[in-house]
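Q: The structure that follows is given in the form of structure tokens.
The values are calculated or read from the model by the stated rules, or taken from the named source; none is laboratory data. Please read all numbers here as calculations on a predicted model, not as lab measurements. For neighbour counting, all protein chains shown are included, and Cβ atoms are generated from backbone atoms with ideal geometry for every residue, glycine included.
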């Protein structure tokens, strides 16, 4: 089974104290991609990049790291995680387009 973990951090922020209020918490999602060759290929492609960055344009920037995990690690991550801070769309974008984007490539503006 190919299992990958997405972890969110906010390395760039524009807060008054230079810190993110979610700092120190585990924001992670685990996805089971399956056992097929297609799943393995997709996971390898996502993991090869290892980190995806999104600039919000206002001084804030999000980073999503991607790594393969075992079933035991996945269970621990699921227990520890407090969600994905409302940014699950970033995971969807990475899975669909190989980058964090707000609209599909080639879509009309």
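Q: Would you pick out the residues in region 58-82 that are exposed (fewer than 14 other Cβ atoms within 10 Å of the Cβ), modelled with pLDDT of 95 or more and more than 17 Å from residue 3 (Cα to Cα)?
A: Hit for region 58-82 is 82, nothing else.
Q: A follow-up question, please. For region 7-19, state whether one or more residues are touching a helix residue (DSSP H, G or I) at 6+ places or on another chain (Cβ under 7 Å), surrounded by 15 or more Cβ atoms within 10 Å (Cβ to Cβ) and either at pLDDT 90 or above or within 21 Å of residue 101 (Cα to Cα) (or both). If you could, list the steps in order and put the result at the bottom.
A: First pass over region 7-19, keeping only residues touching a helix residue (DSSP H, G or I) at 6+ places or on another chain (Cβ under 7 Å): none.
Looking through region 7-19, none of the residues is touching a helix residue (DSSP H, G or I) at 6+ places or on another chain (Cβ under 7 Å), surrounded by 15 or more Cβ atoms within 10 Å (Cβ to Cβ) and either at pLDDT 90 or above or within 21 Å of residue 101 (Cα to Cα) (or both).
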